[in-house]
Amino acid sequence: MTHATEAPLTELSFTVFGFISRPTAEVYEAVADPGQLSRYFSTGGAIGRLETGAEVTWDFADFPGAFPVQVLEAVPHRKISISWPVADEGVTTTVTFEFEPVDDDVRTKVTITEGSWQPTETGARDAFGNSMGWTGMLAALKAWLEYGINLREGFYR
């Protein structure tokens, strides 16, 4: 039996997804609009709409300090790509949100992919932590849009 030689690991990435029982336009707006994003995710406040070329700020009440976010691409109702610095690694990661209509656009599949983590112990820790964070964001997005509940409040503190 022969084994294929694997290429060396040069970066870490992950993908999470979830289904929201709302049309893609509504789900996209809940992510792109800073007023809505501040209600369920960036609970310390979001400044600036996620539009191609914009630099916005996200602040999390439960994690002190605002984060600068660069919007690489925003395709209404379909895709948002952002980048932000990783403090521990000295690098920037790229996060892509994809919005896919399901069941004649009654529901939306939201897929979030983040990449460019260094294949180090610190990079793995930070990637796993952000994977948890984006999964929590998806759950909070679902609870907010479907039931008007803010799941993040008190979750991390």
Worksheet entry | Residues of region 102-157 satisfying the condition of being over 21 Å from PRO76 (Cβ atoms), of a type in the set (D, E, K, R) and touching a helix residue (DSSP H, G or I) at 6+ places or on another chain (Cβ under 7 Å) | GLU114, ARG152
Item to complete: Among the residues of region 27-56, count how many are out of contact with any Leu (no Cβ under 9 Å at 6 or more places or on another chain), closer than 22 Å to THR108 by Cβ and of a type in the set (Val, Ile, Thr).
Response: 0
Worksheet entry | SER83 vs. criteria out of contact with any helix residue (DSSP H, G or I) (no Cβ under 7 Å at 6 or more places or on another chain), assigned to a loop (DSSP other than H, G, I, E, B), in contact (Cβ under 8 Å) with a residue 12 or more places away in the chain and surrounded by 14 or more Cβ atoms within 10 Å (Cβ to Cβ) | no
Worksheet item: Are any of the residues in region 68-80 under 12 Å from the mean Cα position of the chain (by Cα), in contact (Cβ under 8 Å) with a residue 40 or more places away in the chain and under 21 Å from SER13 (Cα atoms)?
Response: yes
Discussion item. Can you pull out every residue in region 101-122 that is under 21 Å from LEU9 (Cβ atoms) and under 17 Å from the mean Cα position of the chain (by Cα)?
Written reply: THR113, GLU114, GLY115, SER116, TRP117
Discussion item. Filter region 1-31 down to the residues that are in contact with a Pro (Cβ under 8 Å, 6 or more places away or on another chain) and either under 30 Å from THR122 (Cα atoms) or outside any helix (DSSP H, G or I) (or both) and list them by number.
Written reply: LEU9, THR10, GLU11, LEU12, PRO23
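Taken together, the values in this text are just the output of simple stated rules run on the coordinates, not laboratory data. Here the structure is a predicted model, which is why all the values come from computation and not from measurement. Neighbour counts are summed over all protein chains in view; Cβ atoms, including those assigned to glycine, are modelled from backbone coordinates with ideal geometry.
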